[in-house]
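Structure first, then comments.
The values are calculated or read from the model by the stated rules, or taken from the named source; none is laboratory data. Just so you know, these numbers come straight off a predicted model, no measurement behind them. We place every Cβ from the backbone using ideal geometry, glycine too, and count neighbours over all the protein chains shown.
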Amino acid sequence: MIEKEKLKKYAGLLMFDMDEEEYTTLQEEFDTLLKQMDLIGQIDGIDGVEPMTFPFKNTDVSLREDEVGDYLTVGEVLANAKHQVSDQVKVPRVVEEGEE
Amino acid sequence: MYRGKSITELREELDKGSITKEELFSHANTLAHSFQEDYNSFVTIIDKPKFKERESLVSGIPYALKDNFSTSGILTTGSSNILKDYIPVYDATVYKKLKNAGAVLVGKTVLDELAMGGTGTTGHTGVVKNPWDKTRMIGGSSAGSAAAVSLGIVPFSIGSDTGDSVRKPAAFGGVVGFKPTYGRISRYGLFAFASSLDHVALFTRNVKDAAIVTDIIKGQDPMDMVTLKDDGKKYADTLDEDIKGKKLFYIKEICSKEFYKDYLDEELESVLDQFQELVQKCRDLGFVVEEVSMDQKLLEAIYPTYMCISCAEATSNNANLTGIQFGPRGEGDSIEQIMFDARTKGFSELIKRRFILGSYILQKENQEKLFKNAGRVRRMIVDKITEFFKEYDGMILPASGGIAPEFTATSEKVEKLSPRYLILENHLAIGNFGGFPSITLPYGFVKDMPIGVNITGRIKEDDLVLNMAHKIESVTGLKDQYCKVGDIDV
């Protein structure tokens, strides 16, 4: 069974946490998930196949003209931010005194 | 009187003046409110719409939109606490196109949180119930959009489909669910889940309506790099083309009882029997339908392949949900603590589990074995299906191995390593792996619950898929179906 500490590490990398009970549930679920994942490795002839990252090659793609289109105003950009100051999103101090 | 009517029928009523668009909206709004407590289709019900005079088949027609499409000035939550107060400042292309065509938005529908789920039970405003039986789920993630059409509130709704999120709930709700070719419809303004698999898709109650809506929302969009050049076709105009001699295949390892052994119950047996009856009806229509065989191991790898790719892509796509620029602000003394707190409180347990799986798959030591191998299996599956498409015009399969599950069904009841679960409940993801156009339509009942059949075709042949589905619909006797639950008609 996968160690709980590893699961906590992966959660931390994605910047969130769960409670102990939730980690226990996930630990059990991982057992099944890993068995399912094993099925991927059992496919004959998988070596040498180029991994597919897109459904099909789209030949219709072209870069659009570099023209000014619709854009959001500062007010619109900030409309959903809870803390603002001087037309900017306010966050706790990042640069400590003396670091500047 | 107007409940359960199709786009075509409502168009006629509007054109001859027997009802106005304002009255039609009012009826849909009344239905939406009436069914909300029992079925929970909506996150937001619109009470004061803006009407536009437009010349189009959907002008004045009410519809519902999944709550993961941006609608300027209208709450858009993704059914997640992390976006519970988010009001977009721009419109998704699909919404803009429908607005410009004069369609009238009735509400934003509940989904599985951030579209990651297939049960309709994980939205932050509660579970969506199946109109045909309230003790059962309607499936997801486009749960509310499916229920709104199944209940006859609106004649069409928009959803998104990353693995089967429209085509599976369509089967469970007894309605039509169509996912066109990857890139046929712009995803600009749709919250990304897994970009290489995400499609815009739609629910209607008949195939013609699916063609009508697709005709309006399809087309290339400079705001979505993967969109295809418009094919210039009107799909609604080619539904009656002759299909005699068109060739369909079904996969033996999915449709034969012998492969299910201990997992074959009355429900599955009925699904497969009725499927064979439908296949015969297709032959009577003039289709050539043949059985083909495919490596069972490859089929069993569909679900883990889907999980690897979608969870990995999701971890990256949802990294912008920090509570800083939008969403509830977390607590803490540093920017990291604020984000950590917002994400811990904002995501539910289920999607945290999917994110952690995605993180695991992307760890350096697992990338080759899991992420890259999943990409390899994806290619092998798509290549095999494409090979079949050299000889056949389409693939026909049952959309699911059974009826909509009960809410009380425990995960222990579902044997997650069985071929029934791995293949039969998850094969619709093939349509997302290869971007193939794919449609589900109702074809029967088991225990008074609807079941659906799926037809998938070659990329960019959306017109042919709709044409073939339209013919098949004519022999199911279930065109225009909706659930007549509740003593309400307006």
Which condition number does B:ASP383 fail, the rest of (1) at the interface with another protein chain (Cβ under 9 Å from one of its Cβ atoms); (2) of a type outside the set (S, T, N, Q); (3) farther than 30 Å from B:PHE287 by Cα being met? (3)
Only one of B:VAL292, B:VAL279, B:VAL271, B:VAL288 is more than 14 Å from chain A (Cβ to nearest Cβ) and either closer than 30 Å to B:THR344 by Cβ or buried (at least 22 other Cβ atoms within 10 Å of the Cβ) (or both). Can you tell me which? B:VAL271
Residues in the range B:253-260: is at least one in contact (Cβ under 8 Å) with a residue 40 or more places away in the chain, under 26 Å from B:LEU202 (Cβ atoms) and among the hydroxyl-bearing types (Ser, Thr, Tyr)? no
Given (1) in a helix (DSSP H, G or I); (2) in contact (Cβ under 8 Å) with a residue 12 or more places away in the chain, identify the lone condition not met by B:GLU12. (2)
How many residues of the range B:152-211 are more than 23 Å from B:ALA319 (Cβ to Cβ), basic (Lys, Arg) and within 14 Å of another protein chain (Cβ to nearest Cβ)? The answer is 2
Does B:SER270 satisfy the criteria of being among the polar types (S, T, N, Q), closer than 30 Å to A:MET37 by Cα, out of contact with any Cys (no Cβ under 7 Å at 6 or more places or on another chain) and part of a helix (DSSP H, G or I)? no
Odd one out for B:TYR260, checked against (1) within 22 Å of the chain's Cα centre (by Cα); (2) surrounded by fewer than 22 Cβ atoms within 10 Å (Cβ to Cβ); (3) away from chain A (no Cβ under 14 Å): (1)
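Can you tell me which residue is farthest from the other protein chains (Cβ to nearest Cβ) among those in the range B:305-334 that are of a type in the set (A, V, I, L, M) and surrounded by fewer than 21 Cβ atoms within 10 Å (Cβ to Cβ)? Lay out the reasoning, then the answer.
So in the range B:305-334, the residues of a type in the set (A, V, I, L, M) come out as B:307, B:309, B:312, B:314, B:319, B:321, B:324.
Right, trim to surrounded by fewer than 21 Cβ atoms within 10 Å (Cβ to Cβ) and you get B:319, B:324.
On the way: B:ALA319: 8, B:ILE324: 6 Å.
Checked the range B:305-334; the qualifying residue farthest from the other protein chains (Cβ to nearest Cβ) is B:ALA319.
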Would a scan of the range A:7-27 turn up a residue that is touching a helix residue (DSSP H, G or I) at 6+ places or on another chain (Cβ under 8 Å) and at pLDDT below 90? no
Is one or more of the residues making up the range B:288-301 under 17 Å from A:LEU34 (Cα atoms), assigned to a helix (DSSP H, G or I), in contact (Cβ under 8 Å) with a residue 24 or more places away in the chain and small (Gly, Ala, Ser)? no
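Working only within the range B:449-490, note down all residues that are of a type in the set (D, E, K, R) and in contact with a Gly (Cβ under 6 Å, 6 or more places away or on another chain).
Of the range B:449-490, the ones of a type in the set (D, E, K, R) are B:458, B:460-463, B:471, B:473, B:479-480, B:484, B:487, B:489.
Listed by number, the list is empty, since nothing qualifies.
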Out of (1) touching a Ser or Thr at 6+ places or on another chain (Cβ under 7 Å); (2) farther than 17 Å from A:ALA81 by Cα; (3) at pLDDT 95 or above, the odd one out for B:LEU350 is which? (3)
Select from the range A:8-40 the residues that are over 20 Å from the mean Cα position of the chain (by Cα) and either among the hydroxyl-bearing types (Ser, Thr, Tyr) or under 24 Å from B:GLY435 (Cα atoms) (or both) and write down the one among them that is farthest from the other protein chains (Cβ to nearest Cβ). A:THR24
Right, B:GLY394: surrounded by fewer than 24 Cβ atoms within 10 Å (Cβ to Cβ) and either more than 20 Å from B:THR162 (Cα to Cα) or of a type in the set (D, E, K, R) (or both) or not? no
Only one of (1) farther than 24 Å from B:MET307 by Cα; (2) assigned to a loop (DSSP other than H, G, I, E, B); (3) in contact with a Ser or Thr (Cβ under 7 Å, 6 or more places away or on another chain) does not apply to B:GLY123, and that is (1)
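Residues checked against (1) charged (D, E, K, R); (2) assigned by TED's automatic domain parsing to the domain that holds B:LEU197; (3) in a loop (DSSP other than H, G, I, E, B); (4) over 17 Å from B:ASN68 (Cβ atoms):
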position: B:GLY323; (1), (2), (3), (4): no, no, yes, yes
position: B:PRO328; (1), (2), (3), (4): no, no, yes, yes
position: B:MET339; (1), (2), (3), (4): no, no, no, yes
position: B:ARG343; (1), (2), (3), (4): yes, no, no, yes
position: B:LYS352; (1), (2), (3), (4): yes, no, no, yes
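Would you confirm, using the coordinates I've provided, whether A:GLU5 is in a helix (DSSP H, G or I) and at the interface with chain B (Cβ under 7 Å from one of its Cβ atoms)?
Working: in a helix (DSSP H, G or I): yes; at the interface with chain B (Cβ under 7 Å from one of its Cβ atoms): no.
Criteria not met by A:GLU5.
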Flagged in the range B:28-56 as buried (at least 20 other Cβ atoms within 10 Å of the Cβ), of a type outside the set (Val, Ile, Thr) and either at pLDDT below 95 or outside any strand (DSSP E or B) (or both), in numbering order, are B:ALA28, B:ASN29, B:LEU31, B:ALA32, B:PHE35, B:TYR39, B:ASN40, B:SER41
